[in-house]
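> Below is the structure I would like to discuss, written out as C-alpha cells.
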Amino acid sequence: MTVHGGGRTEAERDAITVEIGYGLCSAVFAAAVVLGAVAGPALLFALPEAVEVSLTGAGPVLATALFVVRTVAVLVGSAARLSPASPAAPAPTHRPARPVGPGRGRRVSPWCG
C-alpha cells in the first residue's frame, strides 16, 4: 500500500468510500421504508381528507429527517472507527494477580494430600 501525499493509504481511502456508500444506501432504504409506512396508508385506503393530507405531508418530512440522521450517524461512527487512536489515550491497566497464601487463592482440603 502506498501513501499518496495526503497521508492516507489506498486501503484507508477505500474504507472511507465504502463507509460513505453504506451510509447513503442504508439511509435511502430506511427513508423509503418510513415514507411507505407513513404515507402508504393514505395512498392505499380511503381515509378522511384531513388524515390523508397529514399523512402525505408527514411522510416526506419524516423520511428526509431520517435520511439525514442515519447518514450522519453512520459517517460519525465510521470516522471514530477509522481514525487512528489518540497517542494521548491512556493505556489499559491490568490488575495484579492476587497473592496466594493462607486464606487466599486455592482452598486446601484435608482429604487432598
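> Which condition breaks for ALA39 when tested against (1) surrounded by 11 or more Cβ atoms within 10 Å (Cβ to Cβ); (2) modelled with pLDDT under 85?
Only one criterion in (1) surrounded by 11 or more Cβ atoms within 10 Å (Cβ to Cβ); (2) modelled with pLDDT under 85 is unmet by ALA39, namely (2).
> Check whether at least one residue in segment 63-70 is surrounded by 15 or more Cβ atoms within 10 Å (Cβ to Cβ), among the hydrophobic types (A, V, I, L, M, F, W, C), over 30 Å from ARG13 (Cβ atoms) and modelled with pLDDT of 95 or more, and report yes or no.
yes
> Examine segment 82-92 for a residue that is part of a helix (DSSP H, G or I) and modelled with pLDDT under 85, and state whether such a residue exists.
Checking segment 82-92: at least one residue is part of a helix (DSSP H, G or I) and modelled with pLDDT under 85.
The values are calculated or read from the model by the stated rules, or taken from the named source; none is laboratory data. Bear in mind that the values here come from a model prediction, so they are computed numbers and not experimental data. With ideal geometry, Cβ positions are generated from the backbone for all residues, glycine too; neighbour counts draw on all protein chains shown.
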